[in-house]
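Data first, discussion second: the structure below is written as structure tokens.
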Amino acid sequence: MSDFPWLSVAIAAPLVGAGVLWALPARSVTAVRAVAVGISAVPLAVVVGLLVAFDSSGPRFQFGEQYPWISSFGIHVAFGVDGVALALIALTVLLSTVCLVATCRNRPGDRAVEHQDERPEQDTNQGGIPTVRALQRCLCWMLILEALLIGVFAATDVFLFYVLFEAMLIPMYVLIGSFGGPQRSYAAMKFLLYSLAGGLVMLVAVVALGVKGPGGQNAYLFETLRQASLEQNTARWMFVAFFIAFAIKAPLWPVHTWLPSAASQAPAPASVLLVGVMDKVGTFGMLRYCLELFPQASRWATPVIVALAVVGVLYGALLALGQVDLYRFIAYTSVSHFGFITLGIFALTSQSQTGSVFYMINHGLATGMLFLLAGMMVARRGSARIVDYRGMGRVNPVLAGLFLLASLATIALPGLSTFVSEFLVLLGSYPRYPVAAVAATVGVVLAAVYMLLLYQRVMTGPTAPALQEHPDLSARERWLLAPLAALLVALGVFPQPMLEVVKTPVQEVLRQVQVSDPTPVHPVPPQALPVEKGQP
């Protein structure tokens with residue numbers, strides 16, 4: 001299986017499919033959506049095959065491909081996956097398929113299609129429902145985004161990674177700016193400017209790597225640069241440049257302010273991909289590129305980054321408590337969660353980093369589920385204001401039950417997969433940074449407060465009159481959410497397969513940074529003390 005270019009197929013299928021879908025005559029919503037989901041099934045099937053064939057005890061990078069691109073600069077189109085990349089690609093194709101089913105539903109009030117009075121006239125009919133052609137364009141951009149996300153996780157050439165890192169901004173910018181809420185133009189521009197600023201800083205470091213690195217025919221391959229010996233100050237400046245780009249993308253406090261605007265204005269399925277997958281590129285980049293390309297600089301910067309991560313945990317949690325908009329609420333909870341992920345990465349222990357990688361997957365599942373449920377609620381009520389949903393659980397019990405499951409996953413309830421990841425992050429961080437770990441634990445308490453308060457405000461109490469006639473989740477909506485709910489439970493009960501997949505890359509990162517796990521300090525029991533001769 002490793003001789004066939006499976007990763008290229010997984011990337012090319014959505015790109016080619018988007019072109020085919022764009023060219024097809026727009027006949028009906030059902031037909032357009034069916035074609036898009038059928039196209040997305042190709043990378044989904046490929047990734048399932050890769051997961052089955054992946055050898056967690058084998059070499060780190062598997063299913064490798066390498067083709068010359070710009071030979072004079074040693075740049076290649078090179079793909080390969082380790083356990084971390086494969087897990088994130090699997091998350092990408094799963095959420096992309098789910099979002100293709102959910103996007104631009106033919107229902108008034110959907111975030112993807114509401115505010116149609118501000119949209120071009122040809123995009124909607126008289127009832128405010130999007131035309132089939134508008135839906136077709138939306139799905140094409142979703143497929144393009146899926147392909148670029150797979151590519152950015154699979155890239156093993158640093159220059160190629162940078163190109164895809166920047167290119168994935170385009171489809172998300174279009175999805176926010178063309179299909180978002182009333183302030184979509186502002187949100188899309190803010191998202192683009194923040195991301196481009198970080199990308200330009202990173203570009204300087206990428207060029208510097210080519211100049212200061214070993215050069216040659218494989219100058220930008222990750223394995224080549226991983227072995228490079230850089231001067232200390234140069235490496236530190238490059239680390240800072242990479243970290244700024246990844247911190248903006250993650251987003252990490254204090255460069256997070258674009259996220260609430262983008263998440264609140266984007267269509268709900270686009271928000272799922274933005275927060276559930278695209279933002280993981282930031283934490284993925286920290287783990288792979290910041291730590292492994294600049295190991296000494298990583299150790300030098302770690303105390304400051306750990307402090308920023310803890311501030312992000314608490315800041316995001318506190319601001320979530322004061323939100324009145326469902327989408328902004330979920331966005332601020334994600335700022336807090338990305339603080340946990342960053343803390344685990346830079347605590348530099350095998351437990352904390354394993355927990356961070358697992359946290360990326362679980363956050364994508366739980367937050368993706370929350371955004372989809374929020375979109376379904378807005379589709380019924382036509383408002384994202386939390387106060388408009390009082391007593392919704394009485395008339396929509398299935399929706400309320402799934403919302404409760406997603407809420408409990410967000411607060412890391414034992415038995416759900418998020419508990420395992422959060423526990424590992426805190427357990428692995430405490431030996432090196434006990435103060436930071438204890439402070440982050442306060443964020444766990446705040447998470448329980450803000451999520452349970454939200455559930456109480458929207459699902460309990462007397463039902464608002466405007467919600468009395470709103471239907472519960474349809475069969476399609478239930479099937480849409482079922483895979484996410486099932487994985488949150490299954491990975492909580494039996495997380496070992498996922499933990500085993502990410503074990504090797506985590507060990508390689510720590511070996512490259514030249515740190516080892518702290519030695520546990522345990523009191524020696526009296527019976528274990530040596531007994532001198534002549535003593536009883």
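A few points about this structure:
- Under the convention that each Lys and Arg Cβ holds +1 and each Asp and Glu Cβ holds -1, the size of the dipole of the chain around its Cα centre is about 740 debye.
- A simple rule links phi to the HN-Hα coupling: the Karplus curve 6.51 cos²θ - 1.76 cosθ + 1.60 with θ = phi - 60°, which for segment 327-343 gives 5, 5, 4, 5, 4, 6, 4, 5, 4, 5, 5, 5, x, 4, 4, 5, 4 Hz, with x for Gly and Pro.
- For segment 333-486, the square roots a ≥ b ≥ c of the C-alpha gyration tensor eigenvalues yield an a/c of 1.5 or more together with a/b exceeding b/c, which makes the shape prolate.
- For segment 310-324, 3J(HN,Hα) per residue [Karplus equation, 6.51 cos²θ - 1.76 cosθ + 1.60, θ = phi - 60°, Hz, x = Gly/Pro]: 5, 4, x, 4, 6, 4, x, 5, 5, 6, 4, 4, x, 7, 10
- What separates the Cα centres of segment 280-332 and segment 220-238 is a distance of 23 Å.
- Peptide ranges 79-89, 53-63 listed from the most packed, as the mean C-beta count within 10 angstrom indicates: 79-89, 53-63
- Potential lengthening between residue 321 and residue 466 on full extension [0.36 nm per residue; Cα-Cα distance subtracted]: 49.7 nm
- Length gained when the stretch residue 493-residue 193 is fully extended (0.36 nm per residue, less Cα-Cα span): 103.8 nm
- With helices as the sole contributors, the chain gives -22000 deg cm²/dmol at 222 nm; each DSSP H run of n ≥ 4 counts as -39500 (n - 2.57), and the sum is divided by every residue.
- Acute angle (nearest 10 degrees) that the helix 397-410 long axis makes with the longest principal axis of the chain, alpha-carbon atoms: 20
- Under Karplus coefficients 6.51, -1.76 and 1.60, residue-wise ³J(HN,Hα) of segment 507-518 in Hz, glycine/proline x: 5, 5, 4, 5, 5, 5, 7, 6, 10, 10, 5, x
- The chain, accessible surface, carbon-and-sulfur percent (1.4 angstrom probe): 65
- In degrees, nearest ten, helix 158-167 long axis to first principal axis of the chain (Cα): 20
- Helix 434-459 axis, angle to the chain major axis (alpha carbon atoms, nearest 10°): 10
- Translational diffusion of segment 232-372, µm² s⁻¹ [Kirkwood Rh, Cα pairs; Stokes-Einstein; 10 °C; 1.306 mPa s]: 106
- Highest average packing first - 439-446, 209-216, 92-99, 236-243, Cβ atoms within 10 Å: 92-99, 236-243, 439-446, 209-216
- Residue-normalised accessible area of the chain, given per residue in Å² at a 1.4 Å probe: 38
- Over 24 Å between alpha carbons, listed pairs 190/280; 190/249; 190/212: 190/212
- This structure gives Rg/Rh (Cα atoms, Kirkwood Rh), computed directly, and of (1) 0.99; (2) 1.07; (3) 0.96 that value is listed as (1).
- Using a simple spin-label model with pseudo-atoms 7 Å out from Cα toward Cβ, residue 311 and residue 72 lie 4.5 nm apart.
- Database remark: amide H of residue 75 closer than 5 angstrom to the amide H of 69, 70 (H placed geometrically; neighbours at sequence offset of 5 or more, or on other chains; Pro and chain starts carry no H).
- Short-range pairs are left out: with C-alpha atoms under 8 Å and at least six residues apart, the relative contact order of the chain is 15 percent.
- Peptides 275-282, 69-76, 365-372 ordered by packing proxy, namely the average of other Cβ atoms within 10 Å per residue, highest first: 365-372, 275-282, 69-76.
- Other-chain or far-sequence residues with amide H under 5 Å of residue 325's (modelled H): 386
- Taking amide H as placed 1.01 Å from N in the peptide plane, residue 390 has its amide H under 5 Å from the amide H of 464, each at least 5 places away in sequence or on another chain.
- In percent, rounded to a whole number, the relative contact order of segment 371-445 is 14, using alpha-carbon pairs under 8 Å and six or more apart.
The values are calculated or read from the model by the stated rules, or taken from the named source; none is laboratory data. Worth saying up front: this structure is predicted, and the values here are computed from it rather than measured. Heads up, the Cβs are rebuilt from the backbone with ideal geometry, glycines too, and the neighbour counts pull from every protein chain shown. Heavy atoms of the whole protein, side chains included, go into the accessibility calculation; ligands, DNA and RNA do not. Shrake-Rupley method; radii C 1.70, N 1.55, O 1.52, S 1.80 Å.
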